[in-house]
Amino acid sequence: MCDWDSFNYHPLLENLKYIIRAISASKNDALRDLLKKVLCEDIPLLALRVWTAKQNNYNLSFNDLYKDGINIPDNLLKLISIAQHYEYPTAMVDLSSSLDVGTWFATNSWTDGKPLKTGTGIIYRFDREAILKSIRNELSSPFLLNIRKMEASAIFGIADIKHLDPEFGLRPQRLHGASIFGLENTLIYLLLHYSFSTKSDGNDQISFEKSGFSAHTFPISLNIQDNIRLLKTDLAPECDPAIDVFSTAHLVNNSSIDKNEIRSFMLEENASNQEIKDVHRFMSMRLI
């Protein structure tokens, strides 16, 4: 059983340290502006939300900033999803709205881009609306205790970035890209299990098909490969400007992000002294 009274929040900026360092070292104006928005606009509201949840007195909701059914700001979802598509470590999993792209990944090696000759291809399907409906229903359940602390944690979300301007990078469009957030969160599986097992006429086994998750398997064959007209260079072109931004060189430094790194970036982006002070204060309080 989860003990929410002793639950410790992992500082958000610690999860973003590789992304922050990569974008800070780059000259990509679109990505730099997106990171600035996250730091100046989203972070203060996230910090306030966590603080109010910790106080356990009341709960705040900022529906204009958040995606439907979740409590993660749109800019933050977008930033993490972009980095995920360039193989940076995040808590997200890549998705695609294109069956062709999904089939390519199920039947080809990402490392060298070569087709797999044998084996089993697997395509996972996520029904966003079915999943969100379950989570909305269970988050409003009177049986859940300490809901404020639960809502202060990131629950679930899908970031759709396939329509992003190419200045952010080419992969989001080429991959018809999206990312799913929350699959590492045991609360998701608890809510889905509770939602569907209580509606299953005594059958306590969760049905992934019914809950919005499903997996489709098929044998890999030459016939399937002949019908796939995509190459890795179509999905991840070498001319992509974001490749240099998300270099593996920025993954070497595993130290915690510090206030001076944040301050330097925010000054370069002409953030106000008050905006910088706010972020520093929230970092000191371990709210972000």
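For Ile80, are the conditions met, namely being at pLDDT below 65, of a type in the set (A, V, I, L, M) and in contact with a strand residue (DSSP E or B) (Cβ under 8 Å, 6 or more places away or on another chain)? No: the conditions fail for Ile80. All conditions in (1) out of contact with any Ser or Thr (no Cβ under 9 Å at 6 or more places or on another chain); (2) over 30 Å from Pro237 (Cα atoms); (3) at pLDDT 55 or above hold for Gly212, with the sole exception of (1).
Among the criteria (1) in contact (Cβ under 8 Å) with a residue 40 or more places away in the chain; (2) at negative phi, the one Gly212 does not fulfil is (2).
Taking helices (runs of 4 or more DSSP H) as the structural unit, no element lying wholly within region 84-191 holds at least 3 residues that are among the β-branched types (Val, Ile, Thr) and either within 18 Å of the chain's Cα centre (by Cα) or modelled with pLDDT under 90 (or both). Evaluating Glu14 against the criteria (1) within 20 Å of Ala91 (Cα to Cα); (2) of a type outside the set (A, V, I, L, M); (3) modelled with pLDDT of 80 or more; (4) surrounded by 15 or more Cβ atoms within 10 Å (Cβ to Cβ) leaves one unmet condition, (4).
Exactly one residue out of Asn227, Asn203 is of a type in the set (S, T, N, Q) and modelled with pLDDT of 60 or more, and it is Asn227. Considered as a group, the residues in region 26-71 that are in contact with a Pro (Cβ under 7 Å, 6 or more places away or on another chain) and under 17 Å from Glu269 (Cα atoms) include one that is modelled with the highest pLDDT, and that residue is Asn28.
The values are calculated or read from the model by the stated rules, or taken from the named source; none is laboratory data. Treat the numbers as computed from the prediction; the structure is a model and nothing was measured. Quick reminder, even Gly has a Cβ in these numbers, built from the backbone with ideal geometry, and neighbours come from all protein chains shown.
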